[in-house]
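The next block holds one structure in the form of structure tokens; read it before the comments.
The values are calculated or read from the model by the stated rules, or taken from the named source; none is laboratory data. In this text the structure is predicted, and so the values were computed from the model without any measurement. Glycine also receives a Cβ, built like all others from the backbone with ideal geometry; neighbour counts cover every protein chain displayed. Protein only, heavy atoms only, side chains kept; ligands, DNA and RNA dropped before computing areas. Shrake-Rupley method; radii C 1.70, N 1.55, O 1.52, S 1.80 Å.
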Amino acid sequence: MVDQKKAETAVRMLLEAIGEDPDREGLRETPQRVARMYQEICGGYDQDAKDHLSTVFEDRNSTMVVERDIPFYSLCEHHMLPFMGRVHIGYIPNGQVTGLSKLARTVEVFARRLQIQERMTGQIADAIMESMNAAGAIVVVEAEHLCMSMRGVRKPGATTTTVVKRGEFVTNPAAEDEFFRLLRL
């Protein structure tokens, strides 16, 4: 949980540090608003992906499951600026499947933390493998980072893609090929 009072104090100090008057009309409630915002966008610290992925259904005949274009928003831990994009997940069940919304909820658990894209990609894949005992998992994250778009090198529209493979997606190239073929549909 975010310490609301500390966050409000920090925002007030930041406003003063950049030369603003935190008591002027437009900024009076800003420290409280920002503290509430951080409670929401950093809510992943209070969640465990296992809680979502533990809802499973037996299915001995399942083949690869692919859920693509899951939108997400996260904060870069280096500049605390947003990065956002889409996550594509594939997994090979090992006798059980999970509800499709549970995959999107798993993305949210890890996206709602200070993050780097590379770590988040692996965390999602590892959670699927561990919580569902999946035979394989593959996660692709495509994102634009505002720390690169609006500051620094200033290259808006540039995207970063990360891929993490586990289990059969490492050992069976045909599974990986099928996943990427399904993404192009």
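Here's the yes/no breakdown for (1) buried (at least 18 other Cβ atoms within 10 Å of the Cβ); (2) in a helix (DSSP H, G or I); (3) touching a helix residue (DSSP H, G or I) at 6+ places or on another chain (Cβ under 8 Å):
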{"position": "L15", "(1), (2), (3)": "yes, yes, yes"}
{"position": "D21", "(1), (2), (3)": "no, no, yes"}
{"position": "I70", "(1), (2), (3)": "yes, no, yes"}
{"position": "G90", "(1), (2), (3)": "yes, no, yes"}
{"position": "T106", "(1), (2), (3)": "yes, yes, yes"}
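Output the residue which, of all residues in region 147-181 that are charged (D, E, K, R) and within 20 Å of the chain's Cα centre (by Cα), is surrounded by the most Cβ atoms within 10 Å (Cβ to Cβ).
Here the answer is R166.
Could you check region 23-33 and list, in sequence order, the residues that are part of a helix (DSSP H, G or I) and open to solvent by less than 100 Å² (accessible area, probe 1.4 Å)?
Answer for region 23-33, where residues must be part of a helix (DSSP H, G or I) and open to solvent by less than 100 Å² (accessible area, probe 1.4 Å): G26, L27, T30, P31, Q32.
Could you list, in sequence order, the residues of region 116-157 that are more than 22 Å from V56 (Cβ to Cβ) and of a type in the set (G, A, S)?
A143, S149, G152, G157
It is to be established whether one or more residues within region 111-125 are in contact (Cβ under 8 Å) with a residue 12 or more places away in the chain, touching a Cys at 6+ places or on another chain (Cβ under 8 Å), open to solvent by 20 Å² or more (accessible area, probe 1.4 Å) and aliphatic (A, V, I, L, M).
yes
Which of (1) open to solvent by less than 20 Å² (accessible area, probe 1.4 Å); (2) under 29 Å from D59 (Cβ atoms) does L185 not meet, given it meets every other one?
Exception for L185: condition (1).
Any residue in region 45-59 that is surrounded by 15 or more Cβ atoms within 10 Å (Cβ to Cβ), in a helix (DSSP H, G or I), among the aliphatic types (A, V, I, L, M) and within 10 Å of the chain's Cα centre (by Cα)?
no
Looking for whichever is in contact with a Pro (Cβ under 9 Å, 6 or more places away or on another chain) and at pLDDT below 95 here; the options are S62, S74. Which one fits?
S62
Which one is surrounded by the most Cβ atoms within 10 Å (Cβ to Cβ) among residues in region 78-88 that are touching a helix residue (DSSP H, G or I) at 6+ places or on another chain (Cβ under 6 Å) and over 17 Å from A137 (Cα atoms)?
Top of the filtered list is P82.
Taking the criterion of being of a type in the set (K, R) and under 16 Å from S54 (Cβ atoms), would at least one residue in region 97-105 satisfy it?
Yes, the conditions are met somewhere in region 97-105.
Residue-by-condition table, conditions (1) over 16 Å from H88 (Cα atoms); (2) modelled with pLDDT of 95 or more:
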| position | (1), (2) |
| --- | --- |
| L100 | no, no |
| R113 | yes, yes |
| Q123 | no, yes |
| T159 | no, yes |
| R166 | no, yes |
| N172 | yes, yes |
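Tally up the residues in region 94-104 that are of a type outside the set (K, R), assigned to a helix (DSSP H, G or I) and either free of Cβ contacts under 8 Å to residues at least 12 places away in the same chain or open to solvent by 10 Å² or more (accessible area, probe 1.4 Å) (or both), please.
Summing the residues that are of a type outside the set (K, R), assigned to a helix (DSSP H, G or I) and either free of Cβ contacts under 8 Å to residues at least 12 places away in the same chain or open to solvent by 10 Å² or more (accessible area, probe 1.4 Å) (or both) in region 94-104 gives 3.
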